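Participant: Sharing a structure with you now.
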Amino acid sequence: MSDVVIVGFGQTTVGEHWDTDLRKLSYQAIDAAIKDAGGLRPQALYVGNMLAATLSKQAHLGPLLADYAGLTGIEAVTIEAAGASSAAALRAGYLAVKSGQLDTVLILGIEKFSDKIGSGFDEALATTSDSDYEAVQGLTPVAQAALLMKRYMHENEVPADGFAGFALTAHANGAGNKNAMFQKAIKPELYAKGGMVSEPINIFDVAPHADGAAALVLARRELLPSNGPNPLIKIAGSASASDTLALHDRKDMLFFEAAHQSAGKAINQAEISLDQINLFEYHDVFSIYAALSLESVGFATRGQGWKLAADGGIARDGKIPCATMGGLKARGFPGGASGAYQAIEAAQQLRGGAEANQIEDPEYALIQSLGGPASTAVTHVLQRLD
Amino acid sequence: MEIPRHWRLKQQRYRLVGEVCQHCESKIFPPRDICPECGGEADTLYTFSGNGEVYSYTTVHEGPAGYDDSTPYTVALVKLDEGPTVTAQLTDVDEDSLQIGMPVEMVTRKLKNDGDERGMIVYGYKFRPRMAVA
């Protein structure tokens, strides 16, 4: 079967786009991606979005956004998997091209979090958990992450500032990403002074909610000239797995089984081993998720993920560079669009276009997007083609 | 208004009615049609004792709509004596005395206001420090 490659991509800045609506923000990313792909016209649009139906009172995004982008008539549907929505859309696009059904596909991640503010926003966000048995108890995603982090710290004897390494690394990298919401490095003292959100989670353990749109054009490799303007990026592995929706239904809450399963499959498909991976874009919506992802994928042993971050192992010159463009923490967390941002950032690294944040000569990138506490985990391996 | 959504769960919300698997005897909460332990069909009701212990806990300072009047409140993962874990608020508890492993018992309390003053009040289980243990 033929290879599926990323031909072009485009992204908006991540932040609060008060004056730009869902359709216009989407179009900005789509337009940039299609231009970057040399004007290639996609045969389908797969939209990854989490909450537009609630926050913007707008469902049925496929036709709306395809039409607004001048692509009226093409196949256009939304795929929802909470925070992993656009990663799931990327996988759908990959499968469509891989199967031979389609030659070119457009993937769009879009989230307009700022369309609703106040407690109604928190109510909407909580709908991604088990409504009858989690959300009804007043549980929010950040409180759930706090429950995990507290237990993790209890079992592994983590000091109070043990998770600082995740935020410090993310912010250091965000400083070099002009699309990031936060472009300033922070010092350990600032982390230590961070206000509590839900104990033991402080403000620096939580990625900021933001608006953003990010788009990628996928195509079959044979259709493309070998002398295009940009190096091609191959999707060398793609896998998705699910776990229980409710965290409390798991026998072992401190291991992200779906993250483990999907990463294992994606890496096997790429026919590589873990130590060939040059960078890892993880889903650090909370620092505890980052720690558990490192452990579940296998970069750290159980209970030691926080140490890898504390010891500099996830820095750009570390054992496994993570959040190389700021991650969700510093680039910002645009909900279901996060996975598309990860894919673009990894592609920037593989193309050699990450500027100040460039990692030396990377060949393989692992990207992993989570819905909820890894109730969904979608993992891709991207490979630079020379 | 979401009356049917809450009404149909009254056995779970007020009495912790789950299931016991006829094949492997696992206790299951909430009820589900397939036993998560053995994969067999599960349909025999079982009422939990309501006793358990705190697996983890935290405080919510910014609550979702319907809960914002009751902030700050404490949510926990409570491991029931019979096996399953549930997510629930803790109530009647002194924050400073809270710790992982603390024995708790189920009580019925108001969970949220569904809508304005004419909306229904949703009641359900919360947990408090176990009275019998002293």
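Participant: So which of A:S119, A:S129, A:S114 is away from chain B (no Cβ under 14 Å) and either crowded, with 17+ Cβ neighbours inside 10 Å or within 30 Å of B:Q11 (Cα to Cα) (or both)?
Facilitator: Exactly one of A:S119, A:S129, A:S114 is away from chain B (no Cβ under 14 Å) and either crowded, with 17+ Cβ neighbours inside 10 Å or within 30 Å of B:Q11 (Cα to Cα) (or both), namely A:S114.
Participant: Among what's in segment B:6-17 and is of a type outside the set (S, T, Y) and away from chain A (no Cβ under 11 Å), pick the residue that is surrounded by the fewest Cβ atoms within 10 Å (Cβ to Cβ).
Facilitator: If we take residues in segment B:6-17 being of a type outside the set (S, T, Y) and away from chain A (no Cβ under 11 Å), then B:W7 is surrounded by the fewest Cβ atoms within 10 Å (Cβ to Cβ).
Participant: Is there a residue being assigned to a helix (DSSP H, G or I) and in contact with a Gly (Cβ under 6 Å, 6 or more places away or on another chain) anywhere in segment A:178-193?
Facilitator: no
Participant: Which of the residues spanning segment A:1-25 are assigned to a helix (DSSP H, G or I), touching a helix residue (DSSP H, G or I) at 6+ places or on another chain (Cβ under 7 Å) and open to solvent by 40 Å² or more (accessible area, probe 1.4 Å)?
Facilitator: Scanning segment A:1-25 gives a single hit, A:R23.
Participant: If you go through segment A:26-44 one residue at a time, do you hit one that is assigned to a strand (DSSP E or B) and modelled with pLDDT of 95 or more?
Facilitator: Yes: segment A:26-44 contains one or more residues that are assigned to a strand (DSSP E or B) and modelled with pLDDT of 95 or more.
Participant: If you check A:L139 against the conditions, is it in a loop (DSSP other than H, G, I, E, B), without any contact (Cβ under 8 Å) to a residue 24 or more places away in the chain and in contact with a helix residue (DSSP H, G or I) (Cβ under 9 Å, 6 or more places away or on another chain)?
Facilitator: yes
Participant: If we only count strands (runs of 3 or more DSSP E) wholly inside segment B:44-134, which ones have 3 or more residues that are at pLDDT 95 or above and more than 8 Å from chain A (Cβ to nearest Cβ)?
Facilitator: Of the strands (runs of 3 or more DSSP E) lying wholly inside segment B:44-134, those with at least 3 residues that are at pLDDT 95 or above and more than 8 Å from chain A (Cβ to nearest Cβ) span B:44-47, B:51-60, B:73-80, B:103-113, B:121-129.
Participant: Further, regarding this structure: So A:A167 clears everything in (1) within 27 Å of A:G318 (Cβ to Cβ); (2) within 14 Å of another protein chain (Cβ to nearest Cβ); (3) in contact with a Phe, Trp or Tyr (Cβ under 9 Å, 6 or more places away or on another chain) except one condition, right? Which one?
Facilitator: Every listed condition holds for A:A167 apart from (2).
Participant: Taking the residues in segment A:258-278 that are of a type outside the set (G, A, S) and crowded, with 18+ Cβ neighbours inside 10 Å as candidates, determine which candidate is farthest from A:A126 (Cα to Cα).
Facilitator: Among them, the one singled out is A:I272.
Participant: Quick check: anything in segment A:178-191 within 14 Å of chain B (Cβ to nearest Cβ), open to solvent by 20 Å² or more (accessible area, probe 1.4 Å) and in contact (Cβ under 8 Å) with a residue 40 or more places away in the chain?
Facilitator: no
Participant: Ok, one more. Going through A:L102, A:L64 one at a time, which residue ends up being surrounded by fewer than 22 Cβ atoms within 10 Å (Cβ to Cβ), farther than 20 Å from A:P334 by Cα and more than 14 Å from every other protein chain (Cβ to nearest Cβ)?
Facilitator: Exactly one of A:L102, A:L64 is surrounded by fewer than 22 Cβ atoms within 10 Å (Cβ to Cβ), farther than 20 Å from A:P334 by Cα and more than 14 Å from every other protein chain (Cβ to nearest Cβ), namely A:L102.
Participant: In addition: When you check B:D114 against the structure, is it surrounded by 13 or more Cβ atoms within 10 Å (Cβ to Cβ), acidic (D, E) and closer than 22 Å to B:G66 by Cα, yes or no?
Facilitator: Taking the combined requirement at face value, the residue satisfies it.
Participant: Residues of segment A:286-306 being open to solvent by 10 Å² or more (accessible area, probe 1.4 Å), over 16 Å from A:T379 (Cα atoms) and not charged (D, E, K, R), which ones?
Facilitator: Listed by number, the residues that qualify are A:F286, A:A300, A:T301, A:Q304, A:W306.
Participant: Can you pull out every residue in segment A:132-141 that is within 7 Å of chain B (Cβ to nearest Cβ) and among the aliphatic types (A, V, I, L, M)?
Facilitator: If the condition is that a residue be within 7 Å of chain B (Cβ to nearest Cβ) and among the aliphatic types (A, V, I, L, M), then A:V136, A:L139 are the ones that fit.
Participant: Being in a loop (DSSP other than H, G, I, E, B), in contact (Cβ under 8 Å) with a residue 12 or more places away in the chain and outside the structural domain of B:M131 (by TED's automatic domain parsing) is true for just one of B:H6, B:H23. Which residue is that?
Facilitator: None of the others qualify; the one that does is B:H23.
Participant: Yes or no: A:V197 within 14 Å of chain B (Cβ to nearest Cβ), farther than 25 Å from A:V378 by Cα and either of a type outside the set (D, E, K, R) or open to solvent by 10 Å² or more (accessible area, probe 1.4 Å) (or both)?
Facilitator: When the stated conditions are applied, A:V197 passes them.
Participant: Now for a separate question. Among what's in segment A:142-164 and is in a loop (DSSP other than H, G, I, E, B) and open to solvent by less than 10 Å² (accessible area, probe 1.4 Å), pick the residue that is nearest to the other protein chains (Cβ to nearest Cβ).
Facilitator: Looking at residues that are in a loop (DSSP other than H, G, I, E, B) and open to solvent by less than 10 Å² (accessible area, probe 1.4 Å), I get A:F163.
Participant: Could you figure out which of (1) within 13 Å of chain A (Cβ to nearest Cβ); (2) farther than 27 Å from B:D94 by Cα; (3) modelled with pLDDT under 95 isn't true of B:I3?
Facilitator: Status for B:I3: all satisfied but (1).
The values are calculated or read from the model by the stated rules, or taken from the named source; none is laboratory data. Everything quoted here is computed from the prediction, not taken from an experiment. Glycine also receives a Cβ, built like all others from the backbone with ideal geometry; neighbour counts cover every protein chain displayed. Heavy atoms of the whole protein, side chains included, go into the accessibility calculation; ligands, DNA and RNA do not. Shrake-Rupley method; radii C 1.70, N 1.55, O 1.52, S 1.80 Å.
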